[in-house]
1. Can you pick out the pairs among Lys38/Lys59; Lys21/Lys109; Lys14/Lys109 whose Cα atoms lie more than 32 Å from each other?
2. Please give the length that would be gained between Ile31 and Arg115 if that part of the chain were fully extended, namely 0.36 nm times their separation in residues minus their C-alpha to C-alpha distance (nm, one decimal).
3. Quick one: Glu104, Glu45, fewest Cβ neighbours within 10 Å first, how do they rank?
4. Once phi is turned into θ = phi - 60°, what whole-Hz ³J(HN,Hα) does the Karplus curve with 6.51, -1.76 and 1.60 give for every residue of the stretch 12-28, x standing for Gly and Pro?
5. I want the local charge near Phe50. Using Cβ-Cβ distances under 14 Å, sum +1 for each Lys or Arg and -1 for each Asp or Glu among the other residues.
6. Counting other beta carbons within 10 Å of each residue's own, what order do Thr70, Thr9 fall into, fewest first?
7. Evaluate the relative contact order of the stretch 23-102 (contact order divided by residue number), counting alpha-carbon pairs under 8 angstrom at least 6 apart; express in whole percent.
8. Need one number: % antiparallel among DSSP beta bridges in the stretch 1-129, to the nearest 5.
Amino acid sequence: MGRRHERLTELFFKEISFTLKNINGLNSYGILTLTGVKLASDMKELDVYFSVYGSDNDKIKSHKILVKSTWGIRQILKKRLRLRVIPNINFKFDSTPDEASKIEELFGKLREEDRADDNRDDDRKRIGHGKRIQKNTKINS
């Protein structure tokens, strides 16, 4: 992809982020975050990736609001940007943050298990050290 394609991708990300701030009711269903945009090589389609911090129901409702607002967002982009063609906007849910939090939880559990194992090993070393002292102790007869 060329430099113009990269610049347009960045521009669409910024402009859509700015435009979404003015959509009523969007953040009343969880916290919505844009995670990225992908502009097709022919520049006719724009995939906008988002995540929602909230319940599954919040994610569904936020997606519905975004889809209903697509036409209005395109109209705002037409006014703000001087482009011949504004691409069709497709909102897609990005599950990466959810997956990352699940992985982080697993790492946390592994760390806890490692700490528990280390504590058991320390206890075994102390017990084992005491046995060696007892074995090496000479009894005077």
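The numbers here are math on the coordinates, done by the rules we state, and not lab data. Here the structure is a predicted model, which means the values were calculated and not measured. Neighbour counts run over all protein chains shown; Cβ positions are idealised from the backbone, glycine included.
1. Numbers: Lys38/Lys59 20 Å; Lys21/Lys109 37 Å; Lys14/Lys109 38 Å.
With Cα atoms farther than 32 Å apart: Lys21/Lys109; Lys14/Lys109.
2. Values: separation 84, 0.36 × 84 = 30.24 nm, distance 3.45 nm.
My answer for the length gained is 26.8 nm.
3. Working: Glu104 10, Glu45 13.
Neighbour counts put them in this order, fewest first: Glu104, Glu45.
4. Values per residue, Gly and Pro as x: 4, 4, 5, 5, 5, 4, 5, 5, 5, 5, 9, 8, 5, x, 5, 8, 7 Hz.
5. Details: positive: Lys21, Lys38, Lys59, Lys61, Lys64, Lys92; negative: Asp47, Asp58, Asp94, Asp98.
Here the charged neighbours net out to +2.
6. Values: Thr70 14, Thr9 17.
So the residues, fewest neighbours to most, are Thr70, Thr9.
7. Details: 102 pairs, mean separation 27.3, N = 80.
Dividing the mean separation by the residue count of the stretch 23-102 yields 34 percent.
8. Values: 8 of 14 bridges.
Of those bridges, close to 55 percent are antiparallel.
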